[in-house]
Amino acid sequence: MNVKQKFFALSGVAGAIMAIVSIVGYFTASNAVTTTLEKEIVSTIEAESSEAESWLLSKGQLAQGVASIIAHIPASEEAYARSQNLTQAVADDKEMTNLMHVMENGYTMALHGGNQTGKAEWTKRAWYVKAHEAGKLAYSDP
């Protein structure tokens, strides 16, 4: 084998080694990027989930506080009007469209609209049935 053939053989072996190293490097880097991206996505989702959960808890606490106030208002327009300023925090909240206190006897007091007694069959509504069965405050879509 002459020098020229040896040089081409050596070049071929060097080229094959470089190709193998490049392929291994590509897959190693690709796996590292994928792993890093997965970890970043998971941490972002966890952070957003935690933030959303705390937001929901704060809304729930606010709603439960106002619901407790409404539940203890005597069945009269005058008493409801006096307590209106206590429930103003929810009234100004754009994400909470309404809060209603419905008694089994049909007496109904709404945060927006006041006394709703007799204006509808509130005790037949899905949200009332859900809350009544659960025995606690229930949330529903508007």
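The values are calculated or read from the model by the stated rules, or taken from the named source; none is laboratory data. Only a predicted model underlies this, so the values are computations on that prediction, with no experimental measurement involved. Positions of Cβ are backbone-derived with ideal geometry, glycine not excepted, and every protein chain shown enters the neighbour counts.
Kindly evaluate Gln5 against the criterion of being in a helix (DSSP H, G or I) and in contact with a Leu (Cβ under 8 Å, 6 or more places away or on another chain). Considered against the rule, which asks whether it is in a helix (DSSP H, G or I) and in contact with a Leu (Cβ under 8 Å, 6 or more places away or on another chain), Gln5 comes out as no. Taken over the range 69-81, residues that are part of a helix (DSSP H, G or I) and modelled with pLDDT of 65 or more amount to 5. Kindly check whether there is at least one residue in the range 118-130 that is hydroxyl-bearing (Ser, Thr, Tyr), at pLDDT below 70 and in a helix (DSSP H, G or I). Taking every residue of the range 118-130 in turn, none turns out to be hydroxyl-bearing (Ser, Thr, Tyr), at pLDDT below 70 and in a helix (DSSP H, G or I). Residues that are farther than 14 Å from Ala63 by Cβ and in contact with a strand residue (DSSP E or B) (Cβ under 7 Å, 6 or more places away or on another chain) within the range 108-142 comprise Thr108, Met109, Asn115, Gln116, Thr117, Trp122, Thr123, Tyr128, listed in sequence order. Checked against the criterion of being surrounded by 11 or more Cβ atoms within 10 Å (Cβ to Cβ) and modelled with pLDDT of 70 or more, the candidates Asn2, Asn115 yield just one match: Asn115.
Give Val13, Val66, Val21, Val33 a once-over and let me know the one that is closer than 30 Å to Tyr107 by Cβ, part of a helix (DSSP H, G or I) and of a type in the set (Val, Ile, Thr). Of Val13, Val66, Val21, Val33, the one residue that is closer than 30 Å to Tyr107 by Cβ, part of a helix (DSSP H, G or I) and of a type in the set (Val, Ile, Thr) is Val66. If I filter the range 48-68 for residues that are surrounded by 10 or more Cβ atoms within 10 Å (Cβ to Cβ), touching a residue at least 12 places away in the same chain (Cβ under 8 Å) and either of a type in the set (Phe, Trp, Tyr) or in contact with a His (Cβ under 9 Å, 6 or more places away or on another chain) (or both), do I get at least one hit? Yes, there is a match, as at least one residue in the range 48-68 is surrounded by 10 or more Cβ atoms within 10 Å (Cβ to Cβ), touching a residue at least 12 places away in the same chain (Cβ under 8 Å) and either of a type in the set (Phe, Trp, Tyr) or in contact with a His (Cβ under 9 Å, 6 or more places away or on another chain) (or both).
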